[in-house]
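*Asks:* Pasting a structure here, questions to come.
The values are calculated or read from the model by the stated rules, or taken from the named source; none is laboratory data. Because the structure is predicted, anything quoted here is derived from the model rather than measured. Heads up, the Cβs are rebuilt from the backbone with ideal geometry, glycines too, and the neighbour counts pull from every protein chain shown. For accessibility, only protein heavy atoms count, side chains too; no ligands or nucleic acids. Shrake-Rupley method; radii C 1.70, N 1.55, O 1.52, S 1.80 Å.
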Amino acid sequence: MLRLWPWLAAATSGVLYRACFAPFDQAWFCWFALTPLLTAIWFSGADTKRRWMRDLLLGYLAGAIFFWGVFSWLTTVTVPGLVLVGFYMGLYMAGWAWLCGALRPGLRKLSPKVPKGLDAVTQHLAAKRAAEKGIVLGQPSAQPHPLAGSEWLSSLLNLRLAFLAACAWVGVEALRGIVFSGWGWNTIGSALHAQWAMIQIAEVTGVPGLSFLVVFVNVILVATVRRFMIETEVKPVRPHYDLTLTMATLLGVMGFGLRVLQSPSPATSVHIAAVQSNVPREEKFNAEFAQATFDKFTRLSQVAMSSKPDLLVWPESSMPAPVMQDEGTYRFVTEFSAATKTDLLLGALDLDETGDYNAALLVSAEGRRIQMYHKMHLVPFGEYVPGRHTLPGIGAIVGDQVPSDFSFGKEHTVFQLTREDVRVAPLICFEDTIGELTRQFVLGGANLLVNVTNDGWFQRSAGSQQHLANAIFRCVETRLPMVRAANTGVTCFVNEFGRVTQVLLDDTGSQFTEGILSGDVRVPTNYKPTFYVQHGELFERVCGGVGVLTLLALALRRLRHDRKPSALSQ
């Protein structure tokens, strides 16, 4: 059992990390979710030949358990895809675990005659127990106690360790959001999506700042417990400023958030109605159900018209055929917008000579002018298959769910409403989970975020709740409100502080329903870009740079270590 505890600890970290997200939403777990894994890496396997490989495997186990668990809703689309996701994404946590192992603190001075195969603290405790029984291990020494110089007793070294480990984690999360076009969902910082006071710092650092803070706390907790264990054996326990400084930082971040929450910016009200149609995915693009789809949107939208909205929003892929290419669909949306004298924003397909696109359209109130945006960030294995034409058989992962690839859009098109003071960023599907992409729309003049999505693919799983949890941060980063219109949920309004102000639910409290959500959204009248909007993922890039420098320093240290024997032999 003693041999198994490190692996059980790593698995526990994977389970705790997974429990931070929907449907469990135990976000408070994130503050200590990584401590079992770190304990296994730093305090076991001292007698292992390839300890670095062991660290990798411990991290891989934790990562695979987390990703298989948190993305289990992928089984509604593809079981092989879920298996591949766990095997692939586990590599990211494995890399971080390896780096943490390479940064493992040691002892500056050890007694030369203590039995091998034990870590330093265990050596000391063994010697102490032996002395109590009259047995002497090693020779008496006039030097200070060998544990008195332990690096765990240094607040400065503990802070450095926490800083480097947190930077490395942020760098790894950044890679996860980039490689193979990226899938950056459920970073450890995004677990805090409902902690309104804590997440306001994202207007400066983005979500990576929260991830940094969470991992920093995890490391300091491990270091504090370890130091306490050592000090009870070698000296009186005394306060250390590493834990004090960490707690003060948490309070400072919360204080900043509370101050921001009490200072809303000047804004004007825009009345918006969002339609949730709840069309089964097998009926979405079936011509036999086209008229039924038209009738459903007409019926729901006419109810919404009673409140005379400035903007009506239909979800992603709401029409059964490409609007601009299918005469019947084109006539339906333009005549409806003209008859209701309301701007209509909807998701639909679009085709041209260069390819097929997942698109968003804004049909003006008079029904004559149409603005169009082609989705820029496509979902791998959802809207295209990476390597479909170079890796034989890879398309079988999703089978007939993705028979062909969509083309990538090229422009961050901002929609201008009939109301001249409202400019919309049309985010399609997962695009509302990507900070850098959303930021480009805001730099282009958008002052309202609108997400059209079809989370019906996830059926009644936690996928749609996780989608919303990741999207909330776009509002905090940009200080702009968001309107979400989903096919099956979550259709809601989110304010500039990341708080869901209205959500569409049925009588039982379920989001999986059809209906309309109407209300007023506060759009800023004199928008001032946040630090994040101006500088993007600057914090993430700094952390990534620190991570690269750490890797170079470790490589240089290894190189010097390898050269030392040959130098002594000359």
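*Asks:* Quick one: if the Förster radius is 35 Å, what FRET efficiency do Leu554 and Phe24 give, using the C-beta to C-beta distance and rounding to 0.05?
*Replies:* 0.45
*Asks:* Of the accessible area of the chain, with the probe set at 1.4 angstrom, what percent is carbon plus sulfur?
*Replies:* Here carbon and sulfur together make up 61 percent of the probe-accessible area.
*Asks:* Oh, and also: Tell me, rounded to the nearest percent, the portion of alpha carbon pairs in the range 211-275 spaced more than 17 Å apart.
*Replies:* The answer is 62 percent, as a whole percent.
*Asks:* Further question: Above 17 Å lies some portion of the pair distances; for the range 413-496, what is it as a whole percent of all C-alpha pairs?
*Replies:* Here the tail beyond 17 Å accounts for 40 percent of pairs.
*Asks:* Using a Förster distance of 41 angstrom, determine the FRET efficiency expected from the C-beta separation of Thr513 and Ser72, and round it to 0.05.
*Replies:* Efficiency, from the Cβ-Cβ distance: 0.95.
*Asks:* Say each of Arg299 and Asn526 gets a label point 7 Å from the Cα, pointing the same way as Cα to Cβ; how far apart are those two points in nm?
*Replies:* The answer from the label model is 4.8 nm.
*Asks:* Roll a 1.4 Å probe over the protein chains and send me the accessible area per residue for the chain in Å².
*Replies:* 45 Å²
*Asks:* Hey, what's the Cα Rg ratio for the range 168-223 versus the globular rule of thumb, 2.2 N^0.38 Å?
*Replies:* Here the Cα radius of gyration is 1.16 times the empirical estimate.
*Asks:* Sorted by mean Cβ packing within 10 Å, highest first, what order do the peptides 459-465, 187-193, 293-299 take?
*Replies:* 187-193, 459-465, 293-299
*Asks:* So what is the relative contact order for the chain, in percent, with contacts set as C-alpha pairs under 8 Å and at least six apart?
*Replies:* RCO, the chain: 15 percent.
*Asks:* Same structure, new question: Starting from 0.36 nm per residue, how many nanometres of slack lie between Thr48 and Asp562 once their C-alpha separation is accounted for?
*Replies:* Contour length minus Cα-Cα distance gives 183.1 nm.
*Asks:* Which whole-number percent gives the relative contact order of the range 335-487, counting Cα pairs below 8 Å spaced six or more residues apart?
*Replies:* Averaging sequence separation for qualifying contacts and normalising by length gives 18 percent for the range 335-487.
*Asks:* Can you work out the FRET efficiency for the pair Ser265 and Lys308, with r the C-beta to C-beta distance and R0 = 35 Å, to the nearest 0.05?
*Replies:* So the FRET efficiency works out to roughly 0.85.
*Asks:* Another question, if that's okay. Bin all alpha-carbon pair distances of the range 11-105 at 5 Å intervals from 0 and give each bin's fraction as a whole percent.
*Replies:* Result returned by the calculation: 3, 15, 22, 21, 17, 11, 6, 3, 1.
*Asks:* Specify whether the C-alpha gyration tensor of the range 264-304 places it in the rounded, prolate or oblate class, a ≥ b ≥ c being the square roots of the eigenvalues: rounded for a/c under 1.5, otherwise prolate if a/b is larger than b/c and oblate if not.
*Replies:* prolate
*Asks:* Send over the semi-axes of the chain's equivalent ellipsoid, whole angstrom and largest first, taken as the square roots of 5 times the C-alpha gyration tensor eigenvalues.
*Replies:* Three semi-axes, in Å: 53, 25, 20.
*Asks:* Over 29 Å between C-alpha atoms is what I'm after, so list which of Lys410/Lys528; Lys284/Lys528; Lys296/Lys528; Lys308/Lys410; Lys296/Lys375 land there.
*Replies:* As for pairs spanning more than 29 Å Cα to Cα, those are Lys284/Lys528; Lys296/Lys528; Lys308/Lys410.
*Asks:* How fast does the range 210-347 diffuse by Stokes-Einstein, in µm²/s, taking the Kirkwood radius from C-alpha pairs at 37 °C and 0.692 mPa s?
*Replies:* The Stokes-Einstein estimate is 160 µm²/s.
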